Amino acid sequence: MHSSFSKKLDVPFASQIPHRLVPGSRVWIRGAMLNDAERFTIDFQCGPVAEKDDGAFHMSMRPGEGIVRNTFENDEWGREERTSSFPFVAGRPYDIEIEVHSKKFSVRINGEHFFDFTHRIPMERISYILIAGNTTLHYVGY
C-alpha cells in the first residue's frame, strides 16, 4: 500500500495514483469536514486537471443536500446520482474507503457501506485522485 500521510495534507490535494486500479484496489481517505463547509469533492480522474480531463468518478459532499455522484467526459457532465442522507458532521473526523470492483466502485463511510457507483469510464483510464473544498485532509492511502 502506498500512502500520502502527514499531520495535515494540503487541500486542494492532487496525486497520481501509483499503480493501475484493478478489481480489489482500495483507496482510503481520512479528514474532517470544516465547520462552515459548503462542500468538498473527491475525483478519480483520467488526468490531473478537474473539468478539463475526463473524470471517471466525482463525489461531491454537500451539507443539506447529500452526496452527488457523476462523471465528466468529453467536456460534459453525465447523469447525476444523489444520496440525500449525509454521514458527515462538521468538525468531526471521517473515514472513506473506496473499493474498486470490475463493474463499480463501492463506498464505505465511517465503516458503513453507503453506496455503489457503476463505472461509466473504464477504470484502466484512471490515473489521478483530486480532493478539494471545505475539508481538512490527514491521510490518502492506496
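Here, each number is a calculation from the coordinates, and none is a lab measurement. As the structure is a prediction and not an experimental result, all values here were calculated from the model. Don't worry about glycine lacking a Cβ; one is built from the backbone with ideal geometry, like all the others, and counts go over all protein chains shown.
Listing for the model above:
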{"item": "Gained length - residue 73 relative to residue 15, 0.36 nm times residue gap less alpha-carbon distance", "result": "18.9 nm"}
{"item": "Prolate/oblate/rounded call for segment 22-94, Cα gyration tensor, a/c under 1.5 rounded", "result": "prolate"}
{"item": "Net charge of Cβ neighbours under 9 Å - reference residue 28; Lys, Arg +1; Asp, Glu -1", "result": "0"}
{"item": "Rounded to whole Hz, the Karplus (6.51, -1.76, 1.60) HN-Hα couplings of segment 126-136, x for glycine and proline", "result": "6, 9, 9, 10, 10, 10, 9, x, 8, 8, 8"}
{"item": "Positive-end residue, the chain charge dipole about Cα centroid, Cβ charges, pick of 142, 44, 16", "result": "142"}
{"item": "Sorted largest first, extent of segment 3-141 alpha carbons per principal axis (Å)", "result": "35, 32, 28"}
{"item": "Inter-site label distance for residue 120 and residue 36 at 7 Å from Cα along Cβ, in nm", "result": "3.3 nm"}
{"item": "Net +/- balance of residues flanking residue 126 in space, Cβ distance below 11 Å, scoring K and R +1, D and E -1", "result": "-2"}
{"item": "Formal net charge of residues neighbouring residue 73 (Cβ-Cβ distance under 13 Å; K, R +1; D, E -1)", "result": "-2"}
{"item": "Point-charge dipole on Cβ atoms (K/R +1, D/E -1) for segment 3-141, about Cα centre, debye to 20", "result": "400 debye"}
